[in-house]
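Student: Here it is, the structure, as structure tokens.
The values are calculated or read from the model by the stated rules, or taken from the named source; none is laboratory data. Note that the structure is a prediction, hence the values are computed from the model and not measured. Neighbour counts are summed over all protein chains in view; Cβ atoms, including those assigned to glycine, are modelled from backbone coordinates with ideal geometry. These area figures cover heavy atoms from the full protein model, side chains too; ligands, DNA and RNA do not enter into them. Shrake-Rupley method; radii C 1.70, N 1.55, O 1.52, S 1.80 Å.
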Amino acid sequence: MRRPLLFILAHLTLIAAVGSVTVGCNLSDSDVEEEFNQVDPTPDAESSGDADVGVNHMNADTNGADLDVGDRDSDDPDAAEPDTGDPDSGDPDAGEPDTDDPDSGAPDTGEPDADAPDAGDPDCEPGELDNEPGDATPFMWSDVVVDGEGEESVATNWVGKAAWSDRTDVRDTVASQIADGVIPYLFFFHWGDGPGTTMGQFPNASQDEIDDWIDFAEHIADGIGDGQAYVVLEPEWDSNPEGANSSKFKDPLMEIIDYFRQEAPNAVLVNGPGLWKEDSVYEDFADAASQMDLQGFLHHVVSDDPFCTYREAGAYAGTHYEGGAPFSHHVQIADNVETQAERIQNLFDADEVILTDMAVTRCDWGADGQEEILENLVDALPDLYDTHGLRGVAIRDGGPAPEFRYMGHENEGQFGYSGHPAESHVNQAPQTMNDHLSALSDEGEDSGIDECITGPIYEPNVWMSEEVNNWWIEVYPDDGADDVESVEVLLPGQGILELEQQDWGSFAASPDEETPPGTQIHLVARDGPMSAGSDPFGFQQQDPQFSPGWPADFHLSENINECWIEVDVDDAISVEVSIDGEGFVELPEQDWGHFADSICTDEGTDVLLRAQRNDGAISYSTVYPWLEDNG
């Protein structure tokens, strides 16, 4: 299931920070694996320098020993800015009715009357879906977590074959940190730089290497136990999307996730891509990402000045990093982070996100420029929290050893902020966010939405049968429950399957195609006009978690055609559509009050709409066989 960010921390009794611990690894030149034969390591010159840079691990001090931490030497091979344009493959205006000219002969848009109800009416009475005071989701900033009442210390650890590789020591250290009241923040960086097979070479990985990956993960989970922790699973897996999107990678990844769920149930599992590639790469990874609790991204603020980008040592000595951007771009850091947050939210249907790895150089613009950039970010944190679901930032204070400075010797060598003017703003951030969360808790808000109920809600409780298998999908309502009349399941690639009610009380059916464990499915339960749906969850691995529903009235416009979907839903603040059981995409609200977009859909394809009310309740339409008896 997709759990709310840091739900595990909501019940902590927060204590004063006792200090941050950062643990890394010590890699020599021989540890650096060149990946020229697998992935072209040179980003395109047009890259922006924000979302197109590789992991650059922090130096650490553990037990008095300086530990140099490596950098992934084969940074994104295609780091030119990805195409994030219209996802529709055809003409974006295909089939769109002309609504501008009243005499154009265009069909009636069905514009509602002026006195139609306003979905966001602030005068509606608060109801049972309102959040209670104290519900504000905690926020992580570098080495602390705050929740509006206080803070708790966080320790950053880079672990795995490509980082701190002594799994027994990792396990014992993590357990010790938790015992001391510290929350580990773990970058599980196993396939990064080597030794051995790297992420760029993953298709060549042996079964022994994969088993070793699983075993290392189990050591981490055993160290966490029932404690609280964040775990970023294989940061920057998109350095080799072909490998990451293969069953060879995903199947053991799912096994790792399952082990964490069993042995470390309070760990927040984080998806941490670099976001360098086109959207299709991440859409293909959505099944794995949905098994994690939080979607993350990195943001490295580095210059494109040749002095800063020159690499003095390591595998790329004598060359320049081809990314980066000028100060005029980076000083708009709040807008840049907002853009990345929106992208990852759209890619993975996420409400809450985390900036898994951030660094700001002083090179080119000096300490004053670093201060201005970080000051702008800190000032924007409350707004990013409220409007873009940002729930944490892991910011580094220093760069790696010279041989691992992929983004440039000076760029990464000047990542540190301690002892510089920016330090005061970094240190101020926890208090800024603690005050903000305290205010939200007092107001009983945590979403930025006017949380007032506008009608009845529907909250079914449905669970998966133990008899399910690859060819049998079966669910049961709670014993004695009479509020479930029908159940449908969204099966990606197969469409929408109606489960038939059985004599023994369950709802069940056989899919047309085999549905293996871990397949992301989505249930919709109905009781008369009421409907509610689950979050996507792993078939045969998890039980569904339903969001409250409501009895919305969906009115398809007569304007619909093969490339135009349009609907009117009273009291809805947003509407989304699922085509043939695939993930939901937003239908923007139009000037005339309907929700519509140019999306090409074959006649007879299963189309399902869902609408959100201003209190967060979500309702589902009937399943429309497109253009058959519905328009």
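Student: Regarding the range 201-341, what are the three Cα extents along the principal axes, ordered largest first, in Å?
Tutor: If we take the Cα atoms of the range 201-341, the spans are 48, 34, 31 Å.
Student: Can you work out ³J(HN,Hα) from phi for every residue in the range 175-190, in order, using Karplus 6.51 cos²θ - 1.76 cosθ + 1.60 and θ = phi - 60°, giving whole Hz and x for Gly and Pro?
Tutor: Per-residue couplings from phi come out as 4, 5, 4, 5, 4, 8, x, 9, 9, x, 10, 10, 8, 7, 9, 8 Hz.
Student: GluC sites (Glu not before Pro) within the range 318-364: which are DSSP loop residues with at most 13 other Cβ atoms inside 10 Å?
Tutor: Of the GluC sites (Glu not before Pro), not one in the loops of the range 318-364 has a Cβ with at most 13 other Cβ atoms within 10 Å.
Student: While we're here: Is the range 333-473 best put as rounded, prolate or oblate by its Cα gyration tensor, with a ≥ b ≥ c the root eigenvalues, rounded for a/c under 1.5, and otherwise prolate when a/b is larger than b/c, oblate when not?
Tutor: In terms of gyration-tensor shape, oblate.
Student: Right, next: Over the heavy atoms of S328, what accessible area does a 1.4 Å probe trace out, to the nearest 10 Å²?
Tutor: 80 Å²
Student: Classify the range 571-631: rounded, prolate or oblate, from the alpha-carbon gyration tensor (a ≥ b ≥ c, eigenvalue square roots; a/c under 1.5 rounded; otherwise prolate if a/b is larger than b/c)?
Tutor: prolate
Student: How much of Y624 can a 1.4 Å solvent probe reach, expressed as accessible area in Å² and rounded to 10?
Tutor: The accessible area comes out at roughly 30 Å².
Student: With viscosity set to 0.692 mPa s and temperature to 37 °C, compute the Stokes-Einstein D of the range 258-329, Rh being the Kirkwood radius across alpha carbon pairs; µm²/s, no decimals.
Tutor: 211 µm²/s
Student: Can you run phi through the Karplus equation (6.51, -1.76, 1.60; θ = phi - 60°) for the range 575-586 and list ³J(HN,Hα) in whole Hz, with x for Gly and Pro?
Tutor: Once θ is set to phi - 60°, the couplings for the range 575-586 become 9, 10, 9, 10, 9, 6, x, 7, x, 7, 10, 6 Hz.
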